[in-house]
Amino acid sequence: MEETNHKYDLLKMELENISENHLVLRDEYKNKKEEYILLSALHKQIEDIYKSNKKAIDLSEIALKCYIECLRLKVTEAFDLALILRKIKGKLEIDKHEKTMVISMFDNISTSCASGGERTIATVALILALWSNMQLPFYSIDEYDVYMDNVNRIATTKLLMNAIENRKNQFIILTPQDISHIKSADNIKIVKLNEPRS
């Protein structure tokens, strides 16, 4: 009988331990379940933010590609227009994939075969095309007319002046050549340096 009582006491203690463990496990389960619910909600928020950001990035990428293509077309068109005003045949090809820009002019002769003055005209046309698509406080061009004869110099200077006359930005044009054909105006200030002493 003693042995049976002893076994009974052991079983009773074991049951109490199991009962206590059950309560502890139930509390742990409840805590883990609450933690899981919170983490699931946080995971969903993060996933929603990720999806939203990915969508915004994808839209930005599409907008950037459209902007680059639009800019390429505008620069090419402005280049063509600048050459047409000089009655010159030319073409600007911008390859965004190869990251190259090729200027062909005078019946598709490469600019490397053109004279210094012809290359300068193409360069000025490119500069004007780029300027027409940029918003800066000031623009500057230096000695653009060094390799030109007088006729091309006057015509190219006129092209420059026409391109900038209605813009509100400041333009600085430096040249060692004669600019007596340019007249001062409200928006044009000519500063001429004295000849260097010999």
Review point. Just wondering, is there one or more residues in the stretch 69-80 that are loosely packed, with under 10 Cβ neighbours inside 10 Å and either of a type outside the set (Gly, Ala, Ser) or under 22 Å from Ile127 (Cα atoms) (or both)?
Key: no
Exercise for review: Tell me which residues, restricted to the stretch 120-138, are without any contact (Cβ under 8 Å) to a residue 40 or more places away in the chain and either under 19 Å from Leu92 (Cβ atoms) or among the hydrophobic types (A, V, I, L, M, F, W, C) (or both).
Suggested key: Thr120, Ile121, Ala122, Thr123, Ile127, Trp131, Met134, Leu136, Phe138
Exercise for review: May I ask you to verify whether Ala82 is modelled with pLDDT under 95, under 25 Å from Thr100 (Cβ atoms) and touching a Ser or Thr at 6+ places or on another chain (Cβ under 6 Å)?
Suggested key: no
Exercise for review: Would you mind stating whether Ile88 is closer than 30 Å to Asn152 by Cβ and not in a helix (DSSP H, G or I)?
Suggested key: yes
Revision key, fill the gap. Note on the stretch 156-198: residues surrounded by 15 or more Cβ atoms within 10 Å (Cβ to Cβ) and within 13 Å of Leu128 (Cβ to Cβ) are Thr156, Thr157, Leu159, Leu160, Met161, Ala163, Ile164, Phe171, Ile173
**Study point:** Residue check, Ala155 within 22 Å of Ile84 (Cβ to Cβ), of a type in the set (Gly, Ala, Ser) and in contact with a strand residue (DSSP E or B) (Cβ under 9 Å, 6 or more places away or on another chain)
**Key:** no
Point to revise | Residues of the stretch 146-198 satisfying the condition of being polar (S, T, N, Q) and either within 17 Å of Ile121 (Cβ to Cβ) or over 35 Å from the mean Cα position of the chain (by Cα) (or both) | key: Asn150, Asn152, Thr156, Thr157, Asn162, Thr175, Gln177, Ser180, Ser184, Asn194, Ser198
Check your understanding: All but one of (1) hydrophobic (A, V, I, L, M, F, W, C); (2) at pLDDT below 80; (3) assigned to a helix (DSSP H, G or I) hold for Cys113; which doesn't?
Key -> (3)
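At pLDDT 90 or above, closer than 30 Å to Ile121 by Cβ, charged (D, E, K, R) and in a helix (DSSP H, G or I): is that true of Glu47 in this structure?
It is false that Glu47 is at pLDDT 90 or above, closer than 30 Å to Ile121 by Cβ, charged (D, E, K, R) and in a helix (DSSP H, G or I).
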Point to revise | Given (1) closer than 30 Å to Lys99 by Cβ; (2) free of Cβ contacts under 8 Å to residues at least 60 places away in the same chain, index of the condition Glu20 fails | key: (1)
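Filter the stretch 116-154 down to the residues that are in a helix (DSSP H, G or I) and in contact with a Leu (Cβ under 9 Å, 6 or more places away or on another chain), then identify the one that is surrounded by the fewest Cβ atoms within 10 Å (Cβ to Cβ).
Out of the qualifying residues, it is Ile127.
The values are calculated or read from the model by the stated rules, or taken from the named source; none is laboratory data. Here the structure is a predicted model, which is why all the values come from computation and not from measurement. Every residue, glycine among them, receives a Cβ derived from its backbone with ideal geometry; neighbour counts consider all protein chains shown.
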